[in-house]
Structure formats: C-alpha cells, structure tokens
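Every read-out reported here was derived from the displayed coordinates using simple, explicitly stated rules and does not represent laboratory data. All values reported here derive from a predicted model rather than from experimental measurement. Note that we place each Cβ from the backbone using ideal geometry, even for glycine, and neighbour counts take in every protein chain shown.
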Amino acid sequence: MTEHIKKKTILSGMQPTGSLHIGNLEGALKNWVDCQDDYWMYCCIVDWHSLTAEYTDTKGLKEKVFQMAVDFLAAGLDPEKCAIFVQSEVIEHAELHLIFSMLISVPTLTRMPTYQEKKDKLDSYGFLGYPVLQAADICLYNADFVPVGKDQEKHIWLAKDLAQRFNSTYKKVFQEPEALLREIPLILGADNRKMSKSYDNHIPIDFTEKQTEKRLKSFYTDPNKQRKGDPGNPDKCPIYLLHKIYSDNPEKEIAPPCRTGELGCVDCKLKLTERLNKSLAPIREKRQELLKDPNQVWDILATGRDRAKQRAGNVMDKVRSAMKLSYRKKK
Ligand code: SF4
C-alpha cells in the first residue's frame, strides 16, 4: 500500500458487533471490496463508537473486534490494498474529535436525527458528540469519499461542515468529504423487520449450512399464503428480497409461481437456502482458515494501524500547525 500512486481516499467504518450477518455483507462489505482496487481504503472498526451504547460491559469487545476483522478478510478485503484497523489504536481520532467539538454548538448536535431518535435511552455526553467523532474519523484521513446509502447522507454533511469551519477558522487542512452514494439492497430479517443482530432476526455469515436452513425456515412469509396452492405476494415477503440477491432470475423463477400458488413457501425457502449457502461457502471456508491462525489476523490489524497512524499523524501535524498548537523550541 504505497500511497504515491494518485488515487482518491475512502474511509469506511463499522461498529464491532462480532461476526457479521448477510445484511452487513450485502449492505456494506461487498461494496468496500469492490472499491479497494480504485481507492485508498481505510476500513476502521470503530470500537469507541460502540461505547456510546454499551460502555459498562466491555469485556467482550476484543473478541467482537477480532471476529469482525476475520469477516472483513474472509469477505475479500485485501490488507495489501486497504488498511484495516481499530479506531482506538489510532489515538488521533480522539484528538481531532476534541478539536472539532469546539467548532460546533450543542443545539446543532441536539437537532441531529440520531440524537432525537434515541435521546430518551442514551443521554450521555459521548452519545451527543457521536457525530463529531464520526466527522473526525472521516477528516483524519482527509477522505474524499465515504460510502453510504441515501439515508445516511446527513452523517457526511456534518463532516463536511466541520472541515469547512476548520479551514475557514485556521487554514485549509481538510478536504471536504463527499458521500459515495450506492444502492443498498433492502434486507429484512426473520421477523420482517430490518435485519439486525439486536433483533436476533439475522443470518450470521458464520452460521453452518444447517443453521442457515433452520433460520430461513423460521422466516416470515406472506401471511395470506398458508399452504402450497394459495396465491402469495412476493412483494410482501423477505424471502423474495433475498432471492433477488441470491437467485439468478427471481422475477421469472420465483415471483410468478408464488403468485399462482404453484410454488410453496417450503420449497421456495429450500431453493434460497441452497443458493445462499453456495454464495457464502467461499467466505465461510476462508473464515475457517483465518481462525486457524489468530495471530495472523492481529498482525494484519497492527499493520493497518501503523498505516492509519502514519496518515492520521501527517494530518494532525498540519492541524496543530494551523492552530499554532506547537510548544517545542525551534531547532
Ligand atoms: S413462495 Fe416464496 S416468495 Fe412467495 S410467499 Fe412463500 S416464501 Fe415468499
């Protein structure tokens, strides 16, 4: 990863939740893998962010970070092409967060949609400042782009705003990051809500084939289709959403026989099980290989950290210099 070659930079982050599920894979990770040939990628496991919701019980965090790193690699992120690292290992994230926190007002933060949504449950200073830390994550690498879905554009707005404020207050140091917008497929879980580990409705990548089959059997389907022969509506069914990703021709092969009743939900789920397991097989195989040598994974994180620190350190030198925060005698 020699950065003398002219390429734009992408910063991506994910909170460590342990091993990933197919919603994470299809919603983010595959896109990161697609980007790694064309951009300098910084893939950050944002452990400090996870403290905003869970700061008391941190004993499982190390294992969650490890499992996430394993899934990143198993899904195809190449440590030669992208720096994979843990946020708290690059202390400069905290430094820039602090500096940015001086440039934004409390009312602006309290108006942020995520704060409004969760303020009754999470009212810590850390949670209020979460978007500022996110902005620092992005600007610390002078990222050109952050890959997000349309609904997350607001997150980038704050990073851009803080970059502008810093540049106009002190000196131009920061690139103004842009959202790299992409289509995120809708993936619902077993209970027809958004697939999420916290709802326990997900299909983890590290499930066995049998576990995947069992989980898919429990999935919600169109409630009007009770048995084979009943006409169904695939547009109301999370199984059909998954067929759209994992089957070659679902519009012809799945939707019409579902509608006529010719295809029953049991068979439909079995077809999906087979295809999903086939698609996940290489990732699962790579996972098993990586788990045989955990030190190799920790070494990759250490190398990623060093690369990230180098870039972050250069940016922070410019930040301190722009702010005249330098108290060493001249050589
Ligand atoms: S046949 Fe398939 S698409 Fe139709 S309702 Fe059943 S599971 Fe869903």
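Some points to look at:
Residues are listed down the side, and each one gets a yes or a no for (1) outside any loop (DSSP other than H, G, I, E, B); (2) hydrophobic (A, V, I, L, M, F, W, C); (3) within 16 Å of the ligand (Cβ to nearest atom):
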{"residue": "SER168", "(1), (2), (3)": "yes, no, no"}
{"residue": "GLU176", "(1), (2), (3)": "no, no, no"}
{"residue": "GLU183", "(1), (2), (3)": "no, no, no"}
{"residue": "SER198", "(1), (2), (3)": "yes, no, no"}
{"residue": "ASN201", "(1), (2), (3)": "no, no, yes"}
{"residue": "LYS214", "(1), (2), (3)": "yes, no, yes"}
{"residue": "ASP235", "(1), (2), (3)": "yes, no, yes"}
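- So ILE45, is it buried (at least 21 other Cβ atoms within 10 Å of the Cβ) and in contact with a strand residue (DSSP E or B) (Cβ under 6 Å, 6 or more places away or on another chain): yes
- Taking the stretch 1-119 as the region of interest, the helices (runs of 4 or more DSSP H) fully inside it that hold 2 or more residues being among the polar types (S, T, N, Q) are 106-110, 113-118.
- Considering (1) more than 9 Å from the ligand (Cβ to nearest atom); (2) of a type in the set (A, V, I, L, M); (3) more than 28 Å from the chain's Cα centre (by Cα), the lone condition that LEU276 does not fulfil carries the number (3).
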